[in-house]
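Notes for the one structure printed next.
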Amino acid sequence: MTVFKKVRLRLTLLCTGVTALILFLISLAYLLVAESNLKNNQFQSFQDDIKTILGNLESQQVITHDWLAKLEAGNRYLVFLRDNGVSLLYESLNETEDRELLYQSVTAFYEEHKTEEVSSRYASYHTEFTFPDTVPFLSMGKDRYYVSYCYIPKNQGQLEAYILRSLTPVYDQIYRQRFLFCLIDVLAVSLLYCFFRYFVKLMLRPVVESQEKQNLFIAAASHEFRTPLAVIMSCVSAMKEDESRTFDVRPDFYGILENETDRMSRLIDDMLFLTNRQNPNQQLQLKDYELETLLLKCYEAFERMALEKKVAIHIRLPKDPMPPCHCDPERISQLLAILAHNAVSYTDAGGKITFSAWYGNGCHSIVVADTGIGIRDADKKKIFNPFYRVDIARNRKGHFGLGLGIASEIVKAHKGSISVEDTPGGGSTFEVRLPRRGKVLG
Ligand code: ADP
């Protein structure tokens, strides 16, 4: 697994884990509040029902089987009555073996939990009661009851009632709700995992791309170093093998060695420029400077090289002086040298190179146009990538494919833009636009 895959997995799990935890806590808080409300409502309704039942028990002279059957219908209520201390046996239709056991448990429970002596006309005691024979977890809320003890003085005696309401429907609802929430949470966590997986991939893309670019850069740089190193090594071994050679042959080797080490040193300088572009120590030394001066210097520097190649070179400047450009003159000279060097290198004898500059719409424009071999549309964007060369086989010596990469970085640092187009009639035209005062150009 690559480092990025590992990082992606870890970040995805971390984001999903944290979000899932928050989701779980919110769900838990919501469930607790909802369950407590449900229980409160149930208890309230139980108390209201007890009041009604008590009223009925008080008003009835004779407690009928019909009345009890209605009350116990659907297993909603269970009623145990005691008339003057004697249990009134009511055989409900849904009689279970546990009824007697339940009665004994309830009376024992009530005796245990009684807090006040019953003396008033009637008294009730409500609480949540668990049937003692059940295992609370396995019973899942079954066999839990609200229980109320009622005391009703009658003529010369008293009537006592234990009224139980089963909590099974309430707990059924609570467990259904919990299950539903778990299901929703699991679904939400799965969706979050998918989302974060995609999101983290998106976030890491620039890092992956930069890493890939760096790898390509290192591979291309190593490749570029191989050629001069191979030449140096073959020179050294030739010199070692043939030490008897006379001095008039040896200086050839020294010349080659000097050229190749010089080539390597330039390559190292270029690479350092490109790799240090984020370095704050390599910031621009900005000042107001006349672009005309820089262009003329560049023109003069390459005039001889162009003439040697039998390439005509021209410069066209505006009649009125342009406003000074806020730039780093050394870097702009480097940029002009790259464009001029390329123009001369990629233009054959009989061709023409034209430097021109003008000022308009708040920005300086510099154009280097040649009538050379030209650049295919497909390569026009790629040529600004470090080490990219259109045709390596035809490539001129001393060209590493770093020039336009450096040029593009210099322009970016000045918040300007660089573009290439075909020269009408053939060749390439490079245009650099520099804002007068660091305003970003689109
Ligand atoms: P190099 O040092 O190899 O010239 P650059 O980054 O300056 O590297 O240029 C990249 C490639 O773009 C070159 O290898 C060449 O193929 C192409 N190129 C640059 N300038 C010109 C030009 N004026 N005419 C034709 N091709 C050019």
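Where a number appears in this text, it was derived from the coordinates with a stated rule and is not lab data. Computed from a prediction, not measured in an experiment: that's the story for all the values here. All Cβ positions, glycine included, derive from the backbone under ideal geometry; neighbour counts span all protein chains shown.
Read phi for every residue in segment 25-36 and hand back ³J(HN,Hα) as whole Hz from Karplus 6.51 cos²θ - 1.76 cosθ + 1.60, θ = phi - 60°, with x for Gly and Pro.
Each residue of segment 25-36 in turn: 5, 5, 4, 4, 4, 5, 4, 4, 5, 5, 5, 5 Hz.
Could you name the lysines in cross-link range of K309, using Cα to Cα under 26 Å and dropping any fewer than eight places away on the same chain?
K297, K352, K380, K397
How much net charge surrounds D348 when only other residues with a Cβ under 9 Å from its Cβ are counted (Lys, Arg +1; Asp, Glu -1)? All intermediate terms of the calculation are to be shown ahead of the outcome.
Working: positive: K309, K310; negative: none.
So the surrounding residues net to +2.
Could you tell me how many cubic angstrom of Cα convex hull volume segment 246-382 has per residue? Mind dumping the intermediate values first?
Details: hull volume 24.8 nm³, N = 137.
Spelled out: Cα convex hull of segment 246-382, divided by residues, is 181 Å³.
Straight-line reach from K412: which lysines have Cα under 17 Å away, leaving out those fewer than 8 places along the same chain?
Within reach: K287, K381, K382, K439.
Enumerate the lysines that K51 could reach by cross-link, defined here as Cα to Cα under 28 Å, with residues fewer than 8 away along the same chain left out.
K39, K70, K114, K142, K154
By counting other Cβ atoms within 10 Å of each Cβ, how are I26, I152, I332, I338 ranked from fewest to most?
Numbers: I26 11, I152 16, I332 25, I338 22.
Fewest to most other Cβ atoms nearby, the residues stand as I26, I152, I338, I332.
Hey, what's the per residue convex hull volume over the C-alpha atoms of segment 169-213, in cubic angstrom?
41 Å³
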